[in-house]
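The next block holds one structure in the form of structure tokens; read it before the comments.
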Amino acid sequence: MLMDRKIFSLNLSVEATSAYILICTLADSGTPVTIESAETFWNGSPEALTRAIEELNRHHIIYEQLDANKMRQYFVNPSDLWKTSVVQ
């Protein structure tokens, strides 16, 4: 999966854009994308990562699924499903 450069035209927060890049990198490496795997590489606070993931979720850039162990995994949606503006 390649990172979609459309992410830079959405005017998201720096944290959300960084989280998107991190999620793409983890997914490309074959690592399941979870809060725990992302926190390993995240330079900000855990709260900032949570807010960034929530922002990506609101814009339908990512979606989450529970795995067999009831752990949330995050996946990137195709960019044609992304919402450029959302009501908060």
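The values are calculated or read from the model by the stated rules, or taken from the named source; none is laboratory data. The structure displayed is predicted, hence computed values, not measured ones. Glycine gets a Cβ as well: all are built from the backbone with ideal geometry, and neighbour counts include every protein chain shown. These accessible areas exclude ligands, DNA and RNA; they are computed on the full protein's heavy atoms, side chains included. Shrake-Rupley method; radii C 1.70, N 1.55, O 1.52, S 1.80 Å.
In table form, for the structure just shown:
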| item | result |
| --- | --- |
| Global geometry of segment 39-88, whether rounded, prolate or oblate, following the gyration tensor of its Cα atoms and the 1.5 cut on a/c | oblate |
| Separation of alpha-carbon centers, segment 42-63 and segment 1-41, rounded to whole Å | 9 |
| In nm, spacing of pseudo-spin labels at Lys70 and Lys83 (7 Å Cα→C-beta vector) | 2.8 |
| Selection of chymotrypsin sites (Phe, Trp or Tyr not before Pro), segment 1-81, meeting DSSP coil and at most 15 other Cβ within 10 Å | Phe41 |
| Tilt relative to the chain, helix 14-29 - C-alpha long axis, 0 to 90 degrees, to 10 | 50 |
| With Cα atoms, 0 to 90° folded angle of helix 46-58 axis to the chain main axis | 50 |
| Residue-averaged [θ]222 nm for the chain, counting only DSSP H segments that reach four residues, each worth -39500 (n - 2.57) | -12000 deg cm²/dmol |
| Accessible area expressed per residue, the chain, with surrounding protein chains retained (probe 1.4 Å, Å²) | 63 |
| Trypsin sites (Lys or Arg not before Pro), loop per DSSP, at most 14 other Cβ atoms within 10 Å - longest free stretch of the chain | 1-69 |
